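Worksheet: one structure, shown below.
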Amino acid sequence: MISREIRERAAKLRADLEYHNHRYYVLDDPVISDEEYDNLFRELQALEREHPELDDPNSPTRRVGGEPAAGFSPYEHAERMYSLDNAMDLDAWYAFTERVAKGLGTDGAEYWADPKMDGLALEVIYERGRFVRAATRGDGLVGEDVTGNMRTVMNLPLTLRGGSVPRLLEVRGEVIISNRDFAALNERQREAGEKVFANPRNAAAGSIRQLDPRVAASRPLRFMGYGLGRVEWDQPLFAWTTQREAMEGLKGLGFAVAPEARLCGSADAVAAYFRELGERRESLPFEIDGVVAKVNSLEMQRALGFTARAPRWALALKFPAMQARTRLDAIRIQVGRTGVLTPVAELAPVPLAGVIVSNATLHNKGYIEEHDLRVGDTVLVQRAGDVIPQVLSVDLDARPADAEPYVFPDTCPVCGSQAREDGEAVRCANETCPAKTVQRIIHFVSKAGLDMEGVGRRWVERLARDGVLETSADLFTLEKTALLRYEGMGDKSAENFLAAIAKAREEAPLWRLIAGLGIRHVGEQTARTLAAHYADLEALGEATREELQALEDVGPIVAESIHFFFESEDALTLIERFREVGFWPTGGPSALAEATEDAPLAGKVFIFTGSLPDMSRTEAEALVEARGGTSAKAISKKVDYVVAGEKAGSKVAKAQKLGLEIIDFERFMELLHESE
Ligand code: IVH
């Protein structure tokens with residue numbers, strides 16, 4: 001016989017440990033230290049060892065996992081676990097809500113919407129508040145009894161909390177592993193030389209199907225409730241009437257339920273929730289593949305019932321798939337503007353997240369080797385947001401018998417020169433490799449450079465190949481007739497093409513020109529810093545390494561790279577060309593002072609008339625603006641200086657009438673210098 005005192009102490013320890021499990025694993029808000037928890041745990045273990053009569057399968061000490069099983073017994077669900085119908089787009093969602101309205105005879109249904117978690121579906125059963133069974137969904141009718149493994153899932157209550165506990169409760173939910181836990185688990189597996197899991201869902205499913213509960217116990221599994229099976233109450237007044245009440249009730253009983261859930265008053269509100277969650281999808285702590293919307297009223301759910309497969313009151317709105325399997329048809333080598341040979345996968349075209357994907361990056365030589373990618377392989381490709389699709393893995397089982405290991409080239413596929421390994425990269429050593437020229441111009445017009453919308457990369461490639469464009473500066477002397485010689489280049493496209501260049505000439509700030517040069521390690525941020533400190537390309541080119549390094553976010557490597565660039569003969573020629581063609585944006589400290597009161601020409605209005613020696617009107621205007629002044633298009637009393645060049649026209653006469661100050665180009669340059 002054991003004393004009442006000991007029995008009570010054991011009960012108290014069990015209740016306390018379950019309380020702290022709940023604080024830690026469900027609420028994420030522990031109130032005692034790990035050490036204090038361990039002390040309680042050990043005390044209970046000791047009591048149980050001394051007094052086997054205290055035995056209870058739901059003791060918190062049992063969460064470490066019991067004896068391995070020979071297999072799982074089948075478990076027949078008392079109520080069928082249905083699957084869900086899927087909506088691949090919002091049209092299908094609206095069609096569903098119309099069927100609901102028809103079925104109910106009202107379109108006033110509210111919806112409870114929550115994330116569709118990507119794990120393993122499961123049912124957990126409680127009698128009089130005590131955990132008695134857990135079973136996988138199986139085919140919906142019969143699943144596998146995984147009670148022993150589920151007992152090890154730390155956020156699953158083994159004893160329900162609170163005063164109003166149903167006599168019988170069946171909770172449906174998903175067993176998942178969070179992204180963070182998944183990364184740590186794989187790290188551990190890798191270190192131990194064990195199998196690495198492809199994704200959290202596989203890891204969760206594999207862990208639940210472990211025959212040894214101690215292995216399951218070592219896996220960071222979580223149960224998230226989202227629905228009900230049978231529920232029976234002693235006091236019917238407590239019965240839940242809506243999905244929302246049920247979810248809140250489950251929380252009160254100690255369960256973790258699907259987070260981020262929302263009550264939606266209309267079909268549109270569900271659509272908005274779907275879009276919102278879709279945008280946040282990748283920042284959630286666990287993987288989701290859509291949203292599940294359920295009619296909120298349980299009465300309405302009963303009225304709508306089920307089809308052969310799925311409830312008529314719930315629908316899964318799926319996000320576009322981010323991964324797909326396809327065949328690797330070829331590996332193409334691209335030569336970038338710095339000469340790096342980048343392997344690109346040519347894929348059998350496959351739809352992925354709303355676009356057809358037929359190319360994916362393979363990063364570098366090492367990546368191909370590491371994955372032993374071979375032409376003919378079946379690969380898993382992933383697209384995430386805007387990024388270039390990537391090849392994630394190879395399905396070795398699907399490899400054709402004759403697939404040969406890939407041999408990375410050691411010569412440049414464009415010019416045939418020797419290619420050399422340089423860290424992770426393999427580079428073409430030929431400075432004048434035509435591929436580099438083309439890629440440099442493509443970079444120049446791209447978003448990362450001058451952002452010339454309307455200047456397509458295909459055209460740049462053709463023009464460069466034909467020698468019409470030898471450098472980026474040649475863009476500014478392109479003539480319409482040269483473009484119209486090309487088949488496929490109509491009058492309209494040629495105009496758009498030239499308009500995009502003209503726009504850049506007029507508006508591009510110095511930092512875009514700097515970024516467009518494609519100097520290694522100089523991206524937008526660094527280019528902005530440089531443009532804020534140097535008046536123009538020439539001034540930047542004359543900067544010493546020490547000067548450059550004194551700037552914010554310019555370290556020795558970046559400084560060296562800038563210096564290296566401006567030392568080259570090609571760079572000097574290019575810079576001269578920019579000046580010749582009149583594309584000469586300016587910046588410098590005065591550009592920073594722009595519009596501030598202490599800028600040297602602040603508030604001064606200039607107008608230019610006639611042609612200026614040495615400088616285009618746009619350049620002159622930019623110089624004024626860089627010093628805080630503005631330029632006007634028409635003569636008025638607001639103008640402070642009229643700069644008259646050669647063949648100045650009627651504006652001068654008008655200015656004289658208004659009594660404005662008229663200056664020549666030399667005086668203008670003096671003004672600029674005085675203002676420095
Ligand atoms: S409700 C009667 N809600 O999706 C159907 N299911 O494709 C009740 N799932 O087998 C299901 N997250 O494993 C529901 N928030 C969620 C869910 C969810 C994931 C899974 C569940 C189900 C599958 C159907």
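A quick yes/no check of all residues on (1) in contact (Cβ under 8 Å) with a residue 24 or more places away in the chain; (2) under 21 Å from residue 440 (Cα atoms); (3) of a type in the set (Phe, Trp, Tyr); (4) surrounded by fewer than 14 Cβ atoms within 10 Å (Cβ to Cβ):
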| residue | (1), (2), (3), (4) |
| --- | --- |
| 530 | yes, yes, no, no |
| 534 | yes, no, yes, no |
| 537 | yes, yes, no, no |
| 543 | no, no, no, no |
| 548 | no, no, no, no |
| 574 | yes, yes, no, no |
| 580 | yes, yes, no, yes |
| 583 | yes, yes, yes, no |
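Take the stretch 269-302 and flag every residue that is within 19 Å of residue 201 (Cβ to Cβ), away from the ligand (no atom under 11 Å from the Cβ) and either of a type in the set (Phe, Trp, Tyr) or part of a loop (DSSP other than H, G, I, E, B) (or both).
284, 285
Answer yes or no: is there a residue in the stretch 370-381 that is farther than 23 Å from residue 457 by Cβ and surrounded by fewer than 14 Cβ atoms within 10 Å (Cβ to Cβ).
yes
Tell me, which residue of the stretch 71-91 that is surrounded by 14 or more Cβ atoms within 10 Å (Cβ to Cβ), hydrophobic (A, V, I, L, M, F, W, C) and more than 19 Å from residue 320 (Cα to Cα) is farthest from the ligand (Cβ to nearest atom)?
Taking the candidates together, the pick is 72.
What are the residues in the stretch 140-158 that are away from the ligand (no atom under 14 Å from the Cβ) and outside any loop (DSSP other than H, G, I, E, B), if any?
Across the stretch 140-158, the qualifying residues are 142, 144, 145, 147, 148, 149, 150.
Among the residues of the stretch 92-125 satisfying the criterion of being aromatic (Phe, Trp, Tyr) and either open to solvent by less than 40 Å² (accessible area, probe 1.4 Å) or more than 29 Å from the chain's Cα centre (by Cα) (or both), which is nearest to residue 306 (Cα to Cα)?
Looking at residues that are aromatic (Phe, Trp, Tyr) and either open to solvent by less than 40 Å² (accessible area, probe 1.4 Å) or more than 29 Å from the chain's Cα centre (by Cα) (or both), I get 96.
Select the strands (runs of 3 or more DSSP E) contained entirely in the stretch 166-266, then report the ones holding at least 3 residues which are within 18 Å of residue 153 (Cα to Cα), open to solvent by 20 Å² or more (accessible area, probe 1.4 Å) and within 15 Å of the ligand (Cβ to nearest atom).
222-232
Go through 455, 468, 379, 414 for me and flag whichever is in contact with a helix residue (DSSP H, G or I) (Cβ under 9 Å, 6 or more places away or on another chain) and either assigned to a strand (DSSP E or B) or among the hydroxyl-bearing types (Ser, Thr, Tyr) (or both).
Of 455, 468, 379, 414, the one residue that is in contact with a helix residue (DSSP H, G or I) (Cβ under 9 Å, 6 or more places away or on another chain) and either assigned to a strand (DSSP E or B) or among the hydroxyl-bearing types (Ser, Thr, Tyr) (or both) is 379.
Could you list, ordered by first residue, the pairs with Cβ atoms under 6 Å in which the first is in the stretch 487-502 and among the aliphatic types (A, V, I, L, M) and the second is surrounded by 15 or more Cβ atoms within 10 Å (Cβ to Cβ) and in a helix (DSSP H, G or I), at least 6 apart or interchain?
Cβ pairs passing all conditions: 489/483; 494/483; 501/475.
Residues to consider are 128, 133, 137; find the one that is open to solvent by 40 Å² or more (accessible area, probe 1.4 Å), within 16 Å of the ligand (Cβ to nearest atom), of a type in the set (D, E, K, R) and farther than 21 Å from residue 300 by Cα.
137
Considering 277, 284, which residue is in contact (Cβ under 8 Å) with a residue 24 or more places away in the chain and buried (at least 21 other Cβ atoms within 10 Å of the Cβ)?
Just a single option satisfies the conditions, and that option is 277.
Filter the stretch 70-103 down to residues that are farther than 15 Å from residue 141 by Cβ and either without any contact (Cβ under 8 Å) to a residue 24 or more places away in the chain or among the aliphatic types (A, V, I, L, M) (or both), then give me how many there are.
13
Determine which single condition residue 64 fails, assuming it passes every other condition in (1) of a type in the set (A, V, I, L, M, F, W, C); (2) out of contact with any Gly (no Cβ under 6 Å at 6 or more places or on another chain); (3) within 16 Å of the ligand (Cβ to nearest atom).
So the condition that residue 64 fails would be (3).
What residue, among those in the stretch 1-52 that are open to solvent by less than 40 Å² (accessible area, probe 1.4 Å) and within 37 Å of the chain's Cα centre (by Cα), is nearest to residue 176 (Cα to Cα)?
Step by step, filter the stretch 1-52, then rank; the result is 26.
Is it the case, given these coordinates, that residue 659 is open to solvent by 30 Å² or more (accessible area, probe 1.4 Å), modelled with pLDDT under 80 and more than 49 Å from the chain's Cα centre (by Cα)?
no
For the stretch 336-357, which positions are open to solvent by less than 10 Å² (accessible area, probe 1.4 Å), in a strand (DSSP E or B) and more than 30 Å from residue 289 (Cα to Cα)?
Across the stretch 336-357, the qualifying residues are 341, 343.
Among the residues of the stretch 494-513, is any on the phi > 0 side of the Ramachandran plot and in a loop (DSSP other than H, G, I, E, B)?
no
Every residue in the stretch 550-564 that is surrounded by 15 or more Cβ atoms within 10 Å (Cβ to Cβ), assigned to a helix (DSSP H, G or I) and not acidic (Asp, Glu), please.
Answer for the stretch 550-564, where residues must be surrounded by 15 or more Cβ atoms within 10 Å (Cβ to Cβ), assigned to a helix (DSSP H, G or I) and not acidic (Asp, Glu): 558, 559, 561, 562, 563.
Taking only pairs six or more apart or across chains, which ones have beta-carbon atoms under 8 Å, a first residue in the stretch 469-484 that is buried (at least 17 other Cβ atoms within 10 Å of the Cβ), and a second residue that is among the acidic types (Asp, Glu) and at pLDDT below 95?
473/580
Go through the stretch 303-329 and count every residue that is open to solvent by 30 Å² or more (accessible area, probe 1.4 Å) and not in a strand (DSSP E or B).
Total satisfying the criteria: 9.
Can you tell me which residue is farthest from the chain's Cα centre (by Cα) among those in the stretch 53-66 that are open to solvent by 70 Å² or more (accessible area, probe 1.4 Å) and farther than 18 Å from residue 129 by Cβ?
53
The values are calculated or read from the model by the stated rules, or taken from the named source; none is laboratory data. Note that this is a predicted model, so its numbers are computed, not measured. In this analysis, Cβ positions are derived from the backbone assuming ideal geometry, glycine residues included, and neighbour counts consider all displayed protein chains. To get the accessible areas, we keep the full protein, side chains included, count just its heavy atoms, and leave off ligands, DNA and RNA. Shrake-Rupley method; radii C 1.70, N 1.55, O 1.52, S 1.80 Å.
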